[in-house]
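The values are calculated or read from the model by the stated rules, or taken from the named source; none is laboratory data. This structure is a prediction, so every number in the text was calculated from the model and none was measured. Here the Cβ positions follow ideal geometry from the backbone for every residue, glycine too, while neighbour counts run over all protein chains shown. With ligands, DNA and RNA removed, areas are computed over all heavy atoms of the protein, side chains included. Shrake-Rupley method; radii C 1.70, N 1.55, O 1.52, S 1.80 Å.
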Amino acid sequence: MRTWVILLLMLVLILVIKVDCQRRRPPRPTVVRPPKKPTLPPSEPVEPTEIPPPLPPGPPSVFPDCPRECFCPPDFPSTIYCDSRNLRKVPVLPFRARYVYLQNNFIEDLQEDAFKNATQVQWINLDNNRIRKVEKKILEKMQNLTYLYMEKNQLKEVPSYLPPMLEQLRLSRNQISKIPAGVFSKMDHLILLDLHHNKLSDNVFNKNTFKGLKNLIQLNLAHNILRKMPPTVPDTVNQLFLDRNNIDEIPQNYFKDLPNLAFLRLNYNQLSEKGLSKNIFNISSLLVLQLAHNRFTTVPFISSQLEHLYMNDNIIEKINGTELCPLPFATVEFLSLDYSFIPHLRYLRLDGNQLKPPIPLDVIMCFRLLQSVVI
């Protein structure tokens, strides 16, 4: 009996100790972790701020005349990088500057003081700013400037007093509706003039608009509001781009005075064979002809030298190889062994019309060098 009492007391003591320990131990709190927010890259400022742009990474520039807002690589002492730095004005550039990058900023005008030392600049990129006008004194002092990029700004007209040594002038994606008289009169060295995606209309152009451009190779007037071809184009032009206008006719013998024309683009216009002479595109120098997205019902007559022809997205219902062939079939058969004389067409695009495959046999027989036909 005594033994049972002792065992019972020990059991009660163990239970009391266990309960007391549980009371002293604090309960574990339930941890609720907030969801992780996605880390987004810092966005570019929408408008200029009063905060100065950040300094370029790394130690200070080895050039004491390097503008604080820019980066001057030690390996290229003539290059100044001031692009994408939230700038509202051009910093004062050093004399040694030859290549200056100022694109993707908020620059509204060009101050004369910024370029007073940089008279030997050869290349300036001012794309994607807010420039409305360029003062006369800014550019006339840059006698060595050969490349001027001012795409995607707010220019209303082509800047006057352009440097005579300029070789490339890129003014696309502005609001240009005026070309001042004589603006190109002394630009003998210009080889590329890009005015696409502006507001140029027919009344802007006259016979003297491009007078002075004696070495122009590429002229880009695409994406404007032209209804007619420019009255005159420099006879040195090799590439003429007039896409996305409203041109519906081309004067007879228009291309006669363009002996070097090799690439012609007239996509997205209102052209049809009704407003054109039969041989308008029979240009012996032409290599690439693009007439997509127009209103042609037939394939126009082409030169035997043409290599690429784009006639997609017109309203062509049939194609006649006998009429299209630049040479009589008897001549093609006779010269079939000498590929230097037969028609050179290698690429023909006809999709988006009302044609159905297969390609007529007379087309294949004429154009022996065809490598790709899209229908």
Could you tell me which residue of segment 148-207 is modelled with the highest pLDDT, considering only residues that are farther than 23 Å from Ile107 by Cβ and among the basic types (Lys, Arg)?
-> Lys207
Might you let me know whether segment 249-264 holds any residue that is at pLDDT 95 or above, over 24 Å from Gln305 (Cα atoms) and either out of contact with any helix residue (DSSP H, G or I) (no Cβ under 7 Å at 6 or more places or on another chain) or hydroxyl-bearing (Ser, Thr, Tyr) (or both)?
-> no
Could you please find all residues in segment 239-277 being among the hydroxyl-bearing types (Ser, Thr, Tyr) and either in contact with a Leu (Cβ under 6 Å, 6 or more places away or on another chain) or assigned to a loop (DSSP other than H, G, I, E, B) (or both)?
-> Tyr268, Ser272, Ser277
By residue number, the members of segment 192-239 that are under 20 Å from Leu166 (Cβ atoms) and of a type in the set (A, V, I, L, M, F, W, C) are Leu192, Leu193, Leu195, Leu200, Phe210, Leu213, Leu216, Ile217, Leu219, Leu221, Val233, Val237
Evaluate segment 260-277: report whether one residue or more is of a type in the set (A, V, I, L, M), farther than 21 Å from Leu324 by Cα and under 21 Å from the mean Cα position of the chain (by Cα).
-> no
From (1) of a type in the set (A, V, I, L, M, F, W, C); (2) under 23 Å from the mean Cα position of the chain (by Cα); (3) more than 27 Å from Ile364 (Cβ to Cβ), pick out the condition that doesn't hold for Ala292.
-> (3)
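With the requirement that a residue be over 22 Å from Leu221 (Cβ atoms) and either in contact with a Lys or Arg (Cβ under 6 Å, 6 or more places away or on another chain) or crowded, with 19+ Cβ neighbours inside 10 Å (or both), what does segment 282-300 give you?
First pass over segment 282-300, keeping only residues over 22 Å from Leu221 (Cβ atoms): 282, 284, 297-299.
Matches in segment 282-300: Val299 only.
Give the residues of segment 104-114 that are part of a loop (DSSP other than H, G, I, E, B) and surrounded by fewer than 20 Cβ atoms within 10 Å (Cβ to Cβ), sorted by residue number. Full working, then the answer.
So the first thing to find is which residues in segment 104-114 are part of a loop (DSSP other than H, G, I, E, B), and the list is 104-111.
Passing the criteria: Asn104, Phe106, Glu108, Asp109, Gln111.
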Expected output for segment 362-375 (first residue under 16 Å from Tyr310 (Cα atoms) and touching a residue at least 12 places away in the same chain (Cβ under 8 Å), partner of a type in the set (Val, Ile, Thr) and open to solvent by less than 40 Å² (accessible area, probe 1.4 Å), Cβ below 6 Å, 6+ apart or cross-chain) is Val373/Ile359
All but one of (1) out of contact with any Phe, Trp or Tyr (no Cβ under 6 Å at 6 or more places or on another chain); (2) at pLDDT 90 or above; (3) over 17 Å from Glu273 (Cβ atoms); (4) open to solvent by 50 Å² or more (accessible area, probe 1.4 Å) hold for Asp338; which doesn't?
-> (2)
So which residues in segment 143-163 are within 20 Å of the chain's Cα centre (by Cα) and assigned to a loop (DSSP other than H, G, I, E, B)?
-> Thr146, Met150, Glu151, Lys152, Asn153, Gln154, Leu155, Lys156, Val158
Given (1) more than 20 Å from Phe367 (Cβ to Cβ); (2) open to solvent by 40 Å² or more (accessible area, probe 1.4 Å); (3) at pLDDT below 95, Asn279 misses just (1)
Restricting segment 251-276 to residues that are under 19 Å from Ile319 (Cβ atoms) and not polar (S, T, N, Q), the residue that is surrounded by the most Cβ atoms within 10 Å (Cβ to Cβ) | Leu271
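Within segment 115-161, restricting attention to residues that are farther than 23 Å from Tyr81 by Cβ and in contact with a strand residue (DSSP E or B) (Cβ under 7 Å, 6 or more places away or on another chain), which residue is least open to solvent (accessible area, probe 1.4 Å)?
In the first step, residues of segment 115-161 are kept if they are farther than 23 Å from Tyr81 by Cβ; the result is 132-133, 135-137, 140, 143, 154-161.
Add one more test, that the residue is in contact with a strand residue (DSSP E or B) (Cβ under 7 Å, 6 or more places away or on another chain), and what stays is 156-157.
Details: Lys156: 102, Glu157: 71 Å².
Across segment 115-161, the extreme among qualifying residues is Glu157.
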What pairs come up if the first residue lies in segment 71-83 and is at negative phi, the second is buried (at least 18 other Cβ atoms within 10 Å of the Cβ) and at pLDDT below 90, and their beta carbons are under 7 Å apart, counting only those six or more places apart or on different chains?
-> Cys82/Glu69
Residues being over 27 Å from the mean Cα position of the chain (by Cα) and within 15 Å of Glu157 (Cβ to Cβ) - total across segment 110-139 | 1
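Return the residues of segment 62-76 that are under 29 Å from the mean Cα position of the chain (by Cα) and under 20 Å from Lys116 (Cα atoms); say none if nothing qualifies.
Of the residues in segment 62-76, the ones under 29 Å from the mean Cα position of the chain (by Cα) are 69-73, 76.
Scanning segment 62-76 gives Glu69, Cys70, Phe71, Cys72.
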Of Ser304, Ser284, which residue is touching a Ser or Thr at 6+ places or on another chain (Cβ under 6 Å) and of a type in the set (Gly, Ala, Ser)?
-> Ser284
